[in-house]
Amino acid sequence: MQSQSRLLEDLARVASSAMGVASGMRGEIEQRLKEQFETVLSRMDLVTREEFDAVRAMAQKAREAQEVLNERLAAMEEALAAQSKAPRKPKPASGGEGASEDGPDTQNAIKPAATDATTAAAASGDANTGSSKA
């Protein structure tokens, strides 16, 4: 029985030392893997968390500014659309052609062409030439 006991003690000692060696190997393997990961990550062009957060905040501010500008643009487009739907007042003839941008100028359509040209020249400040600048 003592021989069995002695055998079990020897086995326990061998197993214990094997566990110690395995534990040491585990620590060494973990250390090597950590070094390898750090080497690989250092070769990559990665940003730090602080840099990432700073750029993220800048992008958020830019997005908010863009939303404000989009709202302003929509309001301007709405105002322009409302303005274009409103009836326009007839404009005086600018080039002696008897027509404005909106269509024929009914106020000056009855006048002869010579009177129209002199009126346009006087309006443009060139009364000496008698012809219009188009």
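Scanning the stretch 21-38 for residues that are β-branched (Val, Ile, Thr) and at pLDDT 90 or above gives a single hit, Ile29. Scanning the stretch 39-55 for residues that are of a type outside the set (A, V, I, L, M) and surrounded by 10 or more Cβ atoms within 10 Å (Cβ to Cβ) yields a total of 3.
The values are calculated or read from the model by the stated rules, or taken from the named source; none is laboratory data. Owing to the predicted nature of the structure, the values given are computational and were not obtained by experimental measurement. Quick reminder, even Gly has a Cβ in these numbers, built from the backbone with ideal geometry, and neighbours come from all protein chains shown.
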